[in-house]
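Input: a single structure, listed below in structure tokens.
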Amino acid sequence: MINYFLSHKEIFEISNVCAQLKKLKMRINAGDYDDSCKEYNKCKDSFDKIKRIAIELNDERLANSQIVFRNYFLLFCHLSSYFSLLQKRNYKVSWSALQDCFDDLRFVGKYLEIEERKEMPDIYKLLEAYEALYPYKVFFSSEYIISKSHCSICGKSMQSLSCPHIKGNLYWGDIALDIVDEIEEFQAACLVEHPEDKRCIIELSDDNRSESDQFAKLGQFLELKQPFLQQFSITTVMETRQRTDIVKVGRNDPCSCGSGIKFKKCCGKNLYYQHERNIIHLGKKVQLV
């Protein structure tokens, strides 16, 4: 899809879109994340015109390639926005921006052959490493009984034989979606580790920690000031360490805290603790092509 779109650069609007995307990628490479959608907004109307041109040319493949390329462009807008939020240490909001990037990657990747995916596999691997730095491990996933829905293209029920469209397929630059009209019953909210949508997170109502404390692992990584496009992985090792605020004496001696109790039955019980040590392994920097 992307290669087919790029093969039509004789169309002014396609050439314009490619030029604007190149500018955005250059800004991301340079660490400039201000106004993440600046380039996209300059050529947003071009995508609509490309779709109209494709219909006039009776070229459905070109019409479909423009929606794939549009989301490919948006991937870098969302990536820039995500890095901007990390730069500002806006951890909680950055989670949703990170999931926007994953949505773009999955959408575009669905319609591309492996050789067409360019830097996308490297970006996906990089974002998975960032995702592991967040404290979110379990999510809510809701189950519903849907009583009425319709096809986003023809308006008919996708469960009926009268609807010729397949959910998720592209038709003349539009994606066939099953639009929910009525929900008959809310069945359950399940706790899951790997839902398709990770935006429904779980937070404790009595968690009064600051945002920097909640996202300590992510914050500690960002303090290393690595380029945001730097590939990395983390190995976690649990170590037994001795507390420095307890003076160690003989096990059967009076405790150093002055309690008069034997050390082994007093502070000696808390002399050692488990410490999480994270070892960072750096890889190659992601190259935006």
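The values are calculated or read from the model by the stated rules, or taken from the named source; none is laboratory data. Everything numeric in this text was worked out from a predicted model, so none of it was measured. Counting neighbours? That spans all protein chains shown, and the Cβs are built from the backbone with ideal geometry, glycine included. Accessible surface areas use protein heavy atoms only, side chains included; no ligands, DNA or RNA. Shrake-Rupley method; radii C 1.70, N 1.55, O 1.52, S 1.80 Å.
May I ask you to list the lysines whose Cα is less than 18 Å away from that of Lys262, ignoring any residue fewer than eight positions away on the same chain?
Partners within reach: Lys248.
Which residue, Glu113, Glu276, Glu211, tops the fluctuation ranking in a GNM of the chain built on C-alpha contacts under 10 Å?
Per the Cα network of the chain with a 10 Å cutoff, Glu276 tops the list.
Who wins for biggest fluctuation among Asp207, Asp122, Asp48 in a Gaussian network model of the chain, springs between alpha carbons below 10 Å?
Result for the chain, Cα springs under 10 Å: Asp207 fluctuates most.
Take each complete run of DSSP H in the chain, measure how far its Cα atoms stretch along the helix's own axis, and keep only those covering 15 Å or more with mean Kyte-Doolittle hydropathy at least 0.0; list them.
60-87
For n ≥ 4 DSSP H runs only, could you compute -39500 (n - 2.57) per run for the chain, divide by its residues and tell me the 222 nm figure to the nearest 500?
On the way: 8 runs with 113 residues, N = 289.
Calculated at 222 nm, the ellipticity per residue is -12500 deg cm²/dmol.
Could you tell me the center-to-center distance, by alpha carbons, between region 160-176 and region 203-254 in angstrom?
50
Plugging the Kirkwood radius over Cα pairs into Stokes-Einstein for region 167-284, at a temperature of 25 °C and a viscosity of 0.890 mPa s, what D comes out in µm²/s? Walk me through the numbers on the way to the answer.
Working: Rh = 21.1 Å.
Rounded to a whole number, D works out at 116 µm²/s.
Using a simple spin-label model with points 7 Å from Cα along the Cα→Cβ vector, what separation in nm is obtained for Asp253 and Ser7?
Going by the 7 Å Cα→Cβ label model, 8.2 nm.
By per-residue mean of other Cβ atoms within 10 Å, what is the highest-first order of 8-17, 280-289? If you can, show how the numbers build up before the last one.
Details: 8-17: 16.7, 280-289: 13.2.
Taking the mean over residues of other Cβ atoms within 10 Å, the ranking is 8-17, 280-289.
Exceeding 20 Å between C-alpha atoms, which entries from my cross-link table qualify? They are Lys25/Lys217; Lys44/Lys92; Lys118/Lys285; Lys51/Lys125; Lys198/Lys285.
Values: Lys25/Lys217 28 Å; Lys44/Lys92 29 Å; Lys118/Lys285 14 Å; Lys51/Lys125 32 Å; Lys198/Lys285 26 Å.
From the list (Lys25/Lys217; Lys44/Lys92; Lys118/Lys285; Lys51/Lys125; Lys198/Lys285), the Cα-Cα distance tops 20 Å for Lys25/Lys217; Lys44/Lys92; Lys51/Lys125; Lys198/Lys285.
Starting from the Cα-Cα distance between Ile279 and Asp45, subtract it from 0.36 nm times their residue separation and give me the gain in nm to one decimal. If you can, show how the numbers build up before the last one.
Details: separation 234, 0.36 × 234 = 84.24 nm, distance 4.66 nm.
The span from Ile279 to Asp45 would gain 79.6 nm if fully extended.
Once a ≥ b ≥ c are taken as the square roots of the eigenvalues of the Cα gyration tensor of region 35-86, is the result rounded (a/c under 1.5), prolate (a/b larger than b/c) or oblate (a/b not larger than b/c)? Mind dumping the intermediate values first?
Details: a/c = 7.10, a/b = 2.48, b/c = 2.86.
Oblate shape, in that a/c is at least 1.5 and b/c is the bigger or equal ratio.
Using a 7 Å offset from the Cα along the Cα-to-Cβ direction at both Gln226 and Tyr171, what is the distance between the two label points in nm, to one decimal?
4.6
How much of the pair distance distribution for region 194-237 lies past 18 Å, counting alpha-carbon pairs only, in percent? Mind showing how you got there, number by number?
Details: 500 of 946 pairs.
Counting every Cα pair in region 194-237, those more than 18 Å apart make up 53 percent.
List the residues of region 247-274 whose backbone N lies under 16 Å from a point placed 7 Å from the Cα of Glu239 along the Cα-to-Cβ direction.
Under cut-off, by backbone N: 272-274.
For region 96-177, I need the span (max minus min coordinate) of the C-alpha atoms along each principal axis, in Å, sorted largest to smallest.
46, 35, 17
I'd like to check one number: the per residue accessible area of region 201-289, probe 1.4 Å, reported in Å² as a whole number. Walk me through the intermediate numbers first.
Values: 6220 Å² over 89 residues.
For region 201-289, the per-residue accessible area is 70 Å².
Which Rg and Dmax, in Å, describe the Cα atoms of the chain?
26.1, 92
Would you mind getting me the FRET efficiency between Asn270 and Lys217? Use the beta-carbon distance for r and R0 = 35 Å, nearest 0.05. Could the numbers behind the result be given before it?
Details: r = 24 Å, r/R0 = 0.69.
Taking R0 as 35 Å, the efficiency between Asn270 and Lys217 is 0.90.
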